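Working notes for the structure below.
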Amino acid sequence: MIILQGLSKSFNGVKVLDNLNIEFGDKQITVVIGRSGGGKSVMLKHIIGLMKPDSGKVLIGGIDINALKKKELNEIRKKFGMVFQDGALLDSLTVFENTAFPLRRHLKLSENEIKDRVFSVLEDVGLKGQDKKMPSEISGGMRKRVGVARALILNPEIMLFDEPTTGLDPVMSDVINNLIISMHNKFKFTGIIISHDISGAFKTGDIIAMLYDGRIIESGTPEEFKNSANPVVKQFITGSMEGPILI
Ligand SMILES: Nc1ncnc2c1ncn2[C@@H]1O[C@H](COP(=O)(O)OP(=O)(O)OP(=O)(O)O)[C@@H](O)[C@H]1O
Ligand SMILES: [Mg+2]
């Protein structure tokens, strides 16, 4: 479904992605871990075509998205749901209207159809009865769930999550991880999660991949990943100061 081939990207002469290669399996959840500032969000922005690589390709369903015209790229983007790190909710709109936003933008539905779909997805994410609240009236974890609901509402084939649990307490992180798992079971999307949360990654990921020094240095099932012989991976998952990772 999604293949990154020899992707390189520099900013002001500094290489952030350096010949990065990875294939994201169809209908699987891949969790990408790596250091702050390591290029994870940059990688995600290449996948949705918000950034263009200096060299290399982004293939979605076999199509090189950087060879597309704007209109064709917009069509491909409809396949994507993206959950932003801060939720990126519109502060002046209710939970209902935030969730309905992509529907109103992309589809011509009756008000009743919109209501049905919004109420159904809000129930899926555990926000039944919260539709009239404003973003400022709900907690951070609830805002993340509204972000998930909004990303799911067009029933996308691909879901991208940029640090869905960062800034949440461990219990709420677990709630969000479980929500991603149950939504994945229900909607069967291809999922890419960027995360710093190692235990969450092992729980939610079919595949764990580590981005380091601009490339993917390890990827495999959680079991394979835990048994990695790579000293960088070992240091990262144990969270130790000692090891090859430069601070
Ligand atoms: N538009 C941009 N212009 C210039 N530099 C950028 C731009 N976007 C990202 N960078 C740089 O690229 C590097 C990687 O950034 P990125 O946001 O991908 O890191 P990250 O792995 O997502 O980190 P974090 O875990 O903290 O979110 C950083 O050094 C950042 O300053
Ligand atoms: Mg980031």
- Per the filter on segment 1-57, residues more than 26 Å from Glu75 (Cβ to Cβ), of a type in the set (Ser, Thr, Tyr) and surrounded by fewer than 16 Cβ atoms within 10 Å (Cβ to Cβ) are Ser10, Ser36
- Message: Just checking, does segment 128-143 include any residue being out of contact with any Gly (no Cβ under 6 Å at 6 or more places or on another chain), outside any helix (DSSP H, G or I), within 22 Å of Thr190 (Cα to Cα) and at pLDDT below 95?
- Response: no
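Against the definition (surrounded by fewer than 20 Cβ atoms within 10 Å (Cβ to Cβ), assigned to a loop (DSSP other than H, G, I, E, B) and in contact with a strand residue (DSSP E or B) (Cβ under 7 Å, 6 or more places away or on another chain)), how does Leu154 come out, yes or no?
yes
Being under 17 Å from Gly126 (Cα atoms) and within 16 Å of ligand 2 (Cβ to nearest atom) is the filter here; which residues of segment 169-197 pass it?
Within segment 169-197, no residue meets the criteria.
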- Task: Any residue in segment 31-60 that's closer than 30 Å to Ser240 by Cβ: show its pairings with residues that are part of a helix (DSSP H, G or I) and within 9 Å of ligand 1 (Cβ to nearest atom) at Cβ separation under 6 Å, as long as the two are six or more apart or on different chains.
- Result: Val32/Lys40; Gly34/Lys40
- Answer with yes or no whether Glu218 is within 16 Å of Val31 (Cα to Cα) and either of a type outside the set (S, T, N, Q) or surrounded by fewer than 14 Cβ atoms within 10 Å (Cβ to Cβ) (or both). yes
- Task: From Val175, Val148, grab the single residue that is within 24 Å of Gly25 (Cβ to Cβ) and not charged (D, E, K, R).
- Result: Val148
- Task: Considering every residue within segment 98-111, establish whether at least one is crowded, with 16+ Cβ neighbours inside 10 Å and touching a Pro at 6+ places or on another chain (Cβ under 9 Å).
- Result: yes
- Quickly run through segment 202-220 and pick out the residues that are under 26 Å from Gly56 (Cα atoms) and either over 21 Å from the mean Cα position of the chain (by Cα) or hydroxyl-bearing (Ser, Thr, Tyr) (or both). Tyr212, Ser219
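The values are calculated or read from the model by the stated rules, or taken from the named source; none is laboratory data. These numbers come from a predicted model, not from an experiment. FYI the Cβ positions are ideal-geometry reconstructions off the backbone, even for glycines, and counts take in every protein chain you see.
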